[in-house]
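The values are calculated or read from the model by the stated rules, or taken from the named source; none is laboratory data. Since the structure is predicted, the reported quantities are computational estimates derived from the model, not experimental observations. Heads up, the Cβs are rebuilt from the backbone with ideal geometry, glycines too, and the neighbour counts pull from every protein chain shown. To get the accessible areas, we keep the full protein, side chains included, count just its heavy atoms, and leave off ligands, DNA and RNA. Shrake-Rupley method; radii C 1.70, N 1.55, O 1.52, S 1.80 Å.
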Amino acid sequence: LAAVLYLVLALSSPFVAAWYGKSVLAPLMLVMAFGMVVNAASVVATARIWRTQRFGRFAAVNVGSTLAGAALAVTMAANGCGVWSIAAMCVCHSCVRTLAVWAVSRRCTAAIRDGELASPEFRELLGYGLKLTASTVIDTGYVESYNLVLGSGSFIPGFEDQIIGHFGLGFYSA
């Protein structure tokens, strides 16, 4: 599912960049969307951690991956990388979190090593992960859709002066 969504984003990124008049958005979307593909690899392991109620380990994974991503972003921003520091932060966070979740969920790594990916338990967790991913994509699309309208200064003909535009959206979102 994540690969299909990545393909949709890859195909639509030039149109989004043209919509906003910012050519940097096309490659930026591809880099940031890669994190979605990486996160998809951790859904089953995350579900296993939650099922076994190892919340402390899960919190440690999230804090560690957030700190790793933030450290990279701050370093890149200090070196003048601009918006790419945010993209790198997202990808770094996703990669570190996925690797850490798989390390914490030893049972998942053992299942791959022992060839148990065809087990009914794996299929059940995979189904859960797919439903969770679809639900998150729908929710994010709904919650963030107003940014598309508010950020585009010419989305609705006749209302150009009443929509806040790119610059104002940054203040609105903060």
* Compute the signed sum of charges (Lys and Arg +1, Asp and Glu -1) over the other residues within less than 14 Å, Cβ to Cβ, of S65. => +2
* Asked: Between V4 and N62, 0.36 nm times their residue separation minus their Cα-Cα distance comes to what?
  -> 18.3 nm
* Asked: Can you give the FRET efficiency for L130 and A78, using 1/(1 + (r/R0)^6), R0 = 45 Å, r = Cβ-Cβ distance, to the nearest 0.05?
  -> 0.70
* To do: Determine the shape class of the stretch 1-142: with a ≥ b ≥ c the square roots of the Cα gyration tensor eigenvalues, call it rounded for a/c under 1.5, and otherwise prolate if a/b is greater than b/c, oblate otherwise.
  => oblate
* To do: Provide the per residue accessible area, probe 1.4 Å, for the stretch 21-107, rounded to a whole number of square angstrom.
  => 52
